[in-house]
Amino acid sequence: MSYLARIKPAEKAVAGFVILYLVVFSAWFFSIGNNEFIIYIVTMLVLLGLIGSTLRVGEYPAAMLWALAGWGLLHCAGGGVPVGDKVLYATQILPILGDGSTEMTLLKYDQIVHALGFGITAWVLWHVLTRHYPDTRNTWTAYTFPALAAMGLGAVNEIIEFSAVVIVQDTGVGGYINTALDLCFNGLGAVIAVLVIAATQRGRR
């Protein structure tokens, strides 16, 4: 049986949704001359290929795939949807600290997406770990490793953002404080995710 024949209908639906919004946003980025987010589109295509090539190995639940797809959509919207003279990523959603004029501003759309995205990442990593090493289920290992690994992948994301700064002029990535806040929200999202997973698993026992 060919690989395509083994793809489940729900997986095809998610893939179609992701490809659709990637095409739409790619066209939009090119039309407005946003070269920075070409890097992110390429990164998302790589991630799409990675998830797609491991579907039968990982057997990711449909809800997990839709969560990943939704994160990707929020990511693209953050860089492509204008809000006044800014983009959605730079928009302050809840006025906790600052007014958006400085990097030390809370709570921005960007920070919410970071926390959500790397929380989902921790969930995926927990699923992969406990699927292939079932003896780790309900242990500290099953929760600590996914959280730390998600934070590590969050650092990789910051490396990608740094490459955008180096390669493309006039990016909206931000400076040191922005990077530090991104890492903090990555960690926050990952920790919250594993706490929710732990509580859910405890409730099922």
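The values are calculated or read from the model by the stated rules, or taken from the named source; none is laboratory data. The structure presented is a predicted model; accordingly, all values stated were derived computationally and were not measured. Backbone-built Cβ (ideal geometry, glycine too); neighbour counts: all protein chains shown.
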*For residue 24, work out the one condition from (1) surrounded by 14 or more Cβ atoms within 10 Å (Cβ to Cβ); (2) more than 25 Å from residue 178 (Cβ to Cβ); (3) β-branched (Val, Ile, Thr) it doesn't fulfil.*
(1)
*Mind checking whether some residue in region 94-113 is of a type in the set (Gly, Ala, Ser), touching a helix residue (DSSP H, G or I) at 6+ places or on another chain (Cβ under 8 Å) and without any contact (Cβ under 8 Å) to a residue 40 or more places away in the chain?*
yes
*Could you tell me which of the residues 110, 99, 135 is among the acidic types (Asp, Glu) and outside any helix (DSSP H, G or I)?*
99
*Say whether the condition of being closer than 26 Å to residue 197 by Cα, hydrophobic (A, V, I, L, M, F, W, C) and assigned to a helix (DSSP H, G or I) is met by at least one residue in region 74-96.*
yes
*Which residue, of 8, 12, is surrounded by 13 or more Cβ atoms within 10 Å (Cβ to Cβ) and charged (D, E, K, R)?*
8
_Residues (touching a residue at least 60 places away in the same chain (Cβ under 8 Å), over 21 Å from residue 130 (Cβ atoms) and not in a helix (DSSP H, G or I)) located in region 10-64_ = 35
*Please indicate, with yes or no, whether at least one residue in region 111-128 is in contact with a Ser or Thr (Cβ under 7 Å, 6 or more places away or on another chain) and at pLDDT 85 or above.*
no
*Say we look at region 89-132 and pick out the residues that are charged (D, E, K, R) and more than 14 Å from residue 74 (Cα to Cα); which of these is surrounded by the fewest Cβ atoms within 10 Å (Cβ to Cβ)?*
99
